[in-house]
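Data block below; observations after.
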Amino acid sequence: MDISVKAPAKINLTLDVLHKRADGYHELEMVMTTIDLADRIDLTETSGGIQLESTSGFVPYDERNLAYRAAVLIKERFSIKKGVRILIHKHIPVAAGLAGGSSDAAATLKGLNRMWNLGLSREELEEWGLELGSDVPFCVHGGTAIARGRGERLVSAASPPPCWVILAKPPHGVSTAEVFGALRMDRVTRRPNLDGMLNALESKDFHGVCRHLENVLESVTIPAYPKVRRLKEKMAAFGAEGVLMSGSGPTVFGLVHRETTARRVVNGLRGFCRQVYAVRILGGTEGESLV
Ligand SMILES: C[C@](O)(CO)[C@H](O)COP(=O)(O)OP(=O)(O)OC[C@H]1O[C@@H](n2ccc(N)nc2=O)[C@H](O)[C@@H]1O
Ligand SMILES: Nc1ncnc2c1ncn2[C@@H]1O[C@H](COP(=O)(O)OP(=O)(O)OP(=O)(O)O)[C@@H](O)[C@H]1O
């Protein structure tokens, strides 16, 4: 049986770091939502082994690939002799703060659960996903959620009101480990207001959502990559109503209510940045890509 699974990117509407834990990870509190910029994972059953192919030259083709590792995990835990060919149609920029690799892993877990009739619940897939990476449980969950712990303690939240999400990805990637490693909480000047964001989501208050966008990891990535600040400024100047860096960066996103404004922001940014996307929030109006 062949299976295709959509693997959407996420953005962080808020990201707070509460403290560094004894295991080296950071205790987080964040609100994440999936957007309609997605990879597609095609899974084909084979007689044995795991083969990986991708339309992108930028992802690893071996056991370092999170989708590959997801297949290893499933095959080992269930002692499955059959094999799988994984084809990743890559659309999400790599090392961008959009959880592209994590979403590929989540989609592979979901797809193999179906292909091999394993009967794993969503909660079990989230638990298994944490072994692959901190963002994988949310990518299994999807929609909009508060994520705590490393990112695995998830509570569903109301989706943002329908709007456009403009993404601008600077040419360089960013290492999540390096960003967390360089974080100094005594240098963080602004922290997210979680209740403020949740109230805005609950009441579908677009401007409230825009006002409560906050990410403490900007305090590390922006000084290291001034381009991120410039992109934020440009995006706001062209008309985005709320602007933030996603995850550990360096992708900047802007929220825009009206399609005409979205077009203006995209056209304006194109002069400064090669990778610009305009997509919809998933869970709001299911969206086709604008550009
Ligand atoms: C920044 C976020 O994208 C926000 O959604 C995630 O926290 C990162 O998730 P991820 O890329 O799946 O991260 P992982 O692959 O689990 O971890 C990469 C590295 O980031 C650091 N890390 C990650 C998550 C976390 N809660 N605390 C950390 O300190 C650790 O050094 C870890 O070795
Ligand atoms: N399927 C995959 N797609 C993209 N990158 C992958 C994949 N598997 C492993 N990687 C590796 O993971 C690293 C991070 O890539 P990814 O695109 O997941 O970053 P990210 O969007 O910053 O993730 P996050 O937001 O979860 O921190 C890259 O350096 C890449 O080599």
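Quickly run through segment 29-59 and pick out the residues that are closer than 19 Å to A147 by Cβ and surrounded by fewer than 21 Cβ atoms within 10 Å (Cβ to Cβ).
Listed by number, the list holds a single entry, E29.
Return the only residue of V84, V31, V5 being aliphatic (A, V, I, L, M) and under 19 Å from G247 (Cβ atoms).
V31 is the lone residue from the list that is aliphatic (A, V, I, L, M) and under 19 Å from G247 (Cβ atoms).
Only residues that are assigned to a loop (DSSP other than H, G, I, E, B) and either within 7 Å of ligand 2 (Cβ to nearest atom) or not polar (S, T, N, Q) (or both): list them for segment 66-92, please.
Residues satisfying the conditions are F78, I80, K81, K82, K90, H91, I92.
Got a number for residues in segment 95-120 being touching a Leu at 6+ places or on another chain (Cβ under 8 Å), under 30 Å from M245 (Cα atoms) and surrounded by fewer than 23 Cβ atoms within 10 Å (Cβ to Cβ)?
Qualifying residue count for the region: 0.
Just for segment 241-281: of the residues that are small (G, A, S) and more than 16 Å from ligand 1 (Cβ to nearest atom), which one is farthest from T144 (Cα to Cα)?
Among them, the one singled out is G271.
Where in segment 93-204 are the helices (runs of 4 or more DSSP H), entirely inside, with at least 2 residues that are within 15 Å of L66 (Cβ to Cβ) and away from ligand 2 (no atom under 16 Å from the Cβ)?
122-130
Of everything in segment 150-172, what is within 14 Å of ligand 1 (Cβ to nearest atom) and crowded, with 17+ Cβ neighbours inside 10 Å? Give them in sequence order.
Within segment 150-172, R150, G151, E152, L154 meet the criteria.
Give me the strands (runs of 3 or more DSSP E) completely within segment 1-61, filtered to those with at least 1 residues that are touching a residue at least 24 places away in the same chain (Cβ under 8 Å), assigned by TED's automatic domain parsing to the domain that holds G111 and under 18 Å from V279 (Cβ atoms), ordered by residue number.
2-20, 26-46
Residues to consider are V220, V243, V179; find the one that is under 20 Å from the mean Cα position of the chain (by Cα), surrounded by fewer than 21 Cβ atoms within 10 Å (Cβ to Cβ) and not assigned by TED's automatic domain parsing to the domain that holds L98.
None of the others qualify; the one that does is V179.
Checking the conditions here, which among I92, I88, I80 is at pLDDT 95 or above and surrounded by fewer than 24 Cβ atoms within 10 Å (Cβ to Cβ)?
Sole residue among the options that is at pLDDT 95 or above and surrounded by fewer than 24 Cβ atoms within 10 Å (Cβ to Cβ): I80.
The values are calculated or read from the model by the stated rules, or taken from the named source; none is laboratory data. These numbers were taken from a predicted model, which means no experiment stands behind them. Don't worry about glycine lacking a Cβ; one is built from the backbone with ideal geometry, like all the others, and counts go over all protein chains shown.
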